[in-house]
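Read the structure below first, then the notes.
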Amino acid sequence: MEIEKKTQEETVEHINLIIQTHKDQEGFSAKGISDGYHTFQELYKFRMMYNAALFNEWGSLEGYGGEAIVLHDVHKSWKHNDGEWCFGEEKEWFIVSAMLPSGLISNHYKAEHWDLFKVPEVGKAKYEFDGHTGKDVLIRLRNLIQPEL
């Protein structure tokens with residue numbers, strides 16, 4: 001089989017179309033798709049572990065005498081700020097959030113990962129979703145590391 005050469009944009013569009021076309025097919029999973037180094041599943045797990053490590057650190061800082069230091073407000077909840085269960089499913093998914101000087105960052109995880117996040121639990125997420133995208137989160141995190149950029 002001969003493969004037609006495509007531009008980067010055409011190739012990405014083609015791969016995404018294949019995934020979208022087959023994602024609802026019985027037994028199909030994108031988890032094993034790889035760039036040759038890591039699978040989607042590995043990258044998702046890396047993101048979750050980095051997220052848990054960072055939020056846990058932010059949520060556990062102590063000052064002199066054991067007083068809590070609030071570096072960034074972090075918390076987890078089964079419900080969004082509007083009081084609705086995450087994805088409409090009772091205790092199937094949860095949200096973890098951190099309020100940074102530049103705005104909110106948050107992620108959702110399945111219930112089985114609840115105990116990875118050793119941050120305060122609240123009845124519903126404290127902050128209304130501000131519409132942040134993945135790109136916004138990257139910018140907000142980058143601003144913590146290098147505020148001048």
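The values are calculated or read from the model by the stated rules, or taken from the named source; none is laboratory data. If you're wondering where the values come from, they're calculated on a predicted model, not measured in any experiment. Reconstructed Cβ throughout: ideal geometry from the backbone, glycine too, with neighbour counts over all protein chains shown.
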Exercise. Which members of segment 110-149 meet the condition of being surrounded by 12 or more Cβ atoms within 10 Å (Cβ to Cβ) and in contact with a helix residue (DSSP H, G or I) (Cβ under 7 Å, 6 or more places away or on another chain)?
Worked result: His113, Leu116, Phe117, Lys118, Val119, Pro120
Exercise. For segment 83-97, does any single residue satisfy the condition of being surrounded by 14 or more Cβ atoms within 10 Å (Cβ to Cβ), out of contact with any Cys (no Cβ under 7 Å at 6 or more places or on another chain), of a type outside the set (Gly, Ala, Ser) and more than 22 Å from Leu141 (Cα to Cα)?
Worked result: yes
Problem set entry | When residues of segment 1-50 are limited to those that are acidic (Asp, Glu) and surrounded by fewer than 10 Cβ atoms within 10 Å (Cβ to Cβ), the one modelled with the lowest pLDDT | Glu2
For this session: Kindly check whether there is at least one residue in segment 81-88 that is closer than 15 Å to Lys124 by Cβ and aromatic (Phe, Trp, Tyr).
Result: yes
For this session: Being among the acidic types (Asp, Glu) and either assigned to a strand (DSSP E or B) or within 14 Å of Gly59 (Cβ to Cβ) (or both) is the filter; apply it to segment 71-123 and report the residue that is modelled with the lowest pLDDT.
Result: Asp73
Exercise. Residues Leu144, Leu138: which one is of a type in the set (A, V, I, L, M), touching a residue at least 40 places away in the same chain (Cβ under 8 Å) and over 15 Å from His75 (Cα atoms)?
Worked result: Leu144
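Yes or no, residue by residue, for (1) within 18 Å of His132 (Cα to Cα); (2) in contact with a Ser or Thr (Cβ under 6 Å, 6 or more places away or on another chain); (3) of a type in the set (A, V, I, L, M, F, W, C):
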site	(1), (2), (3)
Gly59	no, no, no
Gly65	no, no, no
Trp78	no, no, yes
Glu90	no, no, no
Phe94	yes, no, yes
